[in-house]
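Dumping the structure here so I can ask a few things about it.
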Amino acid sequence: MGAIIINGGRPLRGTVEISGSKNAALPIIAATVLHGGTYELRNCPDIADVRCACAIVEELGGHVTKAGQSLYIDTGQIFRKTVPEHLMKRMRASVLFLGPLLGRFGSAELTLPGGCPLGCRPVDLHLEAVAAMGAAVTLREGTICCHGPRLHGCCIDLRFPSVGATENALMAAAACHGTVTIKNAAGEPEICDLIAFLQAMGAQIRGGGTSELTITGGAPLRGVSYTVMPDRMETATYLCATAGCGGEVLLLDGDGSCLEPVIEVLTRSGCDIRQRPEGLYVKSTERLRASGHIETAPYPGFPTDAQAPLMAAFLRAKGALEISEHIFEDRFGHVPQLLRFGARIELAGNCARVRGADVLRPARVEACDLRAAAALILAALQAEGESVVSGAHHLYRGYDDPVRKFTALGASIRPAR
Ligand code: EPZ
């Protein structure tokens, strides 16, 4: 999975099926550890991060089988409370096993997680949340040890609406003896999917989709079947790809209702985007018109994970677009690589100013993180000639079968031998 070769310059036409959401499937797989039972998770994406989450479940003593897009998970035999370092280091979402292990066993031990290098990405909000429930937390030489055999109700007021901290707090609270209130909770659609899954398990949770969640812990939990929501960021990526390359694409299962800020920017720049019963339709026939200033923000603001793909879509636009990144302190790693295609981007602190170039030239580039990899693919698709994107393993962490999907849309794209 080293590199991907692209001969760009073609419009995208056809239909692409949007897979299940990485950022919903990962906390939901972790949540199966909360109660020893059997689970069927439908519409799970076939990506490296999901395989890593399944490996953690099995390392803990659980059992996972896969059939098509469904995972069959049995967590009844789980007995370990420690997640091994080699699996913690592979992705940020490994930290989401903290809440379920603590909730079920009263203890958890894991090292600091890996994941995309977007800044220092501490876990202090996660630890403060479980400490508020009565867990004794120590962080020594990179190892987190939590002990809390009897978690109790409390009020957690998150300094920042952290997605992961909200998810860990939700899962631990479901096993609390008492009521937990989470204020300034993150409200991303993926969190609503996790809440729906926990409620299906029997958890008593109110306030989903708002910034204040109330969990009445201690309800009996059970194994369930559940269908994961479509991937919001894969949808945004194929919207941006079509906008940047030109063409006409139907994104099957694409749901525009949770991507309004992205759709608003693309529509005002000249794209025709319509929600249909079967998915999201996008058409782009003219050179995009760039203007204005986009600022990433917690949901329902402009999503930080769409920042890099959107930037790539505007590399050949007419005019200029400013993009400010407010969620992560270092999320412009894709910019130096995009410049190799002849893009015109100026960085000033947390703000990037993109001035459209008339043409992009093919380039050899290296991806540094998941969404940066997507942005480089989108740029290469717009550049006439052969480009090579190295570091493709980043892409396969979070996108299900992207080479087949882009090929089906008419792109000339293949893995390097
Ligand atoms: C989740 O990461 C997503 N990952 C990210 O998607 C996404 O970019 C992010 O939420 C924001 O929407 C998954 O769901 C697996 P955060 P997470 O905690 O939970 C700071 C992708 O491309 N912070 O909301 O790690 C943190 O440093 C990935 O799919 C603390 O300071 O995000 C960051 O600046 C990338 N202390 C900000 O909050 C903490 O304890 C947002 O982080 C936790 C976070």
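Being within 19 Å of the chain's Cα centre (by Cα) and more than 7 Å from the ligand (Cβ to nearest atom) is the filter here; which residues of region 116-144 pass it?
If the condition is that a residue be within 19 Å of the chain's Cα centre (by Cα) and more than 7 Å from the ligand (Cβ to nearest atom), then Pro117 is the only one that fits.
Could you look through region 130-148, keep only residues that are in a loop (DSSP other than H, G, I, E, B) and modelled with pLDDT under 95, and pick out the one that is least open to solvent (accessible area, probe 1.4 Å)?
Filtering region 130-148 for residues that are in a loop (DSSP other than H, G, I, E, B) and modelled with pLDDT under 95, the one least open to solvent (accessible area, probe 1.4 Å) comes out as Gly142.
Taking region 244-275, which residues are open to solvent by less than 60 Å² (accessible area, probe 1.4 Å), more than 22 Å from the chain's Cα centre (by Cα) and not polar (S, T, N, Q)?
Passing the criteria: Cys245, Gly246, Gly247, Val249, Gly270, Cys271, Asp272, Ile273.
Residues Ala31, Ala48: which one is within 16 Å of the ligand (Cβ to nearest atom) and open to solvent by less than 10 Å² (accessible area, probe 1.4 Å)?
That would be Ala31, the only listed residue that is within 16 Å of the ligand (Cβ to nearest atom) and open to solvent by less than 10 Å² (accessible area, probe 1.4 Å).
Also: Identify all residues within region 277-324 that are farther than 22 Å from Ser211 by Cβ, among the β-branched types (Val, Ile, Thr) and assigned to a strand (DSSP E or B); write none if there are none.
Of everything in region 277-324, those that are farther than 22 Å from Ser211 by Cβ, among the β-branched types (Val, Ile, Thr) and assigned to a strand (DSSP E or B) turn out to be Val282, Ile294, Ile323.
Out of all the residues in region 283-290, is one or more buried (at least 21 other Cβ atoms within 10 Å of the Cβ) and within 16 Å of the ligand (Cβ to nearest atom)?
No, that holds for no residue.
Determine if region 154-169 includes at least one residue that is over 23 Å from Arg80 (Cα atoms), more than 16 Å from the ligand (Cβ to nearest atom) and outside any loop (DSSP other than H, G, I, E, B).
Among the residues of region 154-169, at least one is over 23 Å from Arg80 (Cα atoms), more than 16 Å from the ligand (Cβ to nearest atom) and outside any loop (DSSP other than H, G, I, E, B), which makes the answer yes.
Further question on the same structure: Only residues in region 211-229 that are within 25 Å of Thr181 (Cα to Cα) and not assigned by TED's automatic domain parsing to the domain that holds Pro300 count as the first member; pair them with residues that are polar (S, T, N, Q) and open to solvent by less than 60 Å² (accessible area, probe 1.4 Å), Cβ under 6 angstrom, at least 6 apart or cross-chain, and list the lot.
If the second residue must be polar (S, T, N, Q) and open to solvent by less than 60 Å² (accessible area, probe 1.4 Å), the pairs left are Ser211/Asn184; Thr214/Thr181.
Any residue that is within 16 Å of the ligand (Cβ to nearest atom), assigned by TED's automatic domain parsing to the domain that holds Leu251, open to solvent by 20 Å² or more (accessible area, probe 1.4 Å) and farther than 25 Å from Glu17 by Cβ - is there at least one of those in region 341-353?
Looking through region 341-353, at least one residue is within 16 Å of the ligand (Cβ to nearest atom), assigned by TED's automatic domain parsing to the domain that holds Leu251, open to solvent by 20 Å² or more (accessible area, probe 1.4 Å) and farther than 25 Å from Glu17 by Cβ.
Tally up the residues in region 75-115 that are open to solvent by less than 20 Å² (accessible area, probe 1.4 Å), part of a loop (DSSP other than H, G, I, E, B) and within 16 Å of the ligand (Cβ to nearest atom), please.
The qualifying residues number 1.
Right, next: Among what's in region 356-374 and is over 22 Å from the mean Cα position of the chain (by Cα) and in contact (Cβ under 8 Å) with a residue 40 or more places away in the chain, pick the residue that is surrounded by the most Cβ atoms within 10 Å (Cβ to Cβ).
Selected residue: Leu360.
The values are calculated or read from the model by the stated rules, or taken from the named source; none is laboratory data. From a predicted model like this one, the values you see are computed outputs, not experimental measurements. For neighbour counting, all protein chains shown are included, and Cβ atoms are generated from backbone atoms with ideal geometry for every residue, glycine included. Accessible surface is based on the protein model in full, side chains and every heavy atom, while ligands, DNA and RNA are left aside. Shrake-Rupley method; radii C 1.70, N 1.55, O 1.52, S 1.80 Å.
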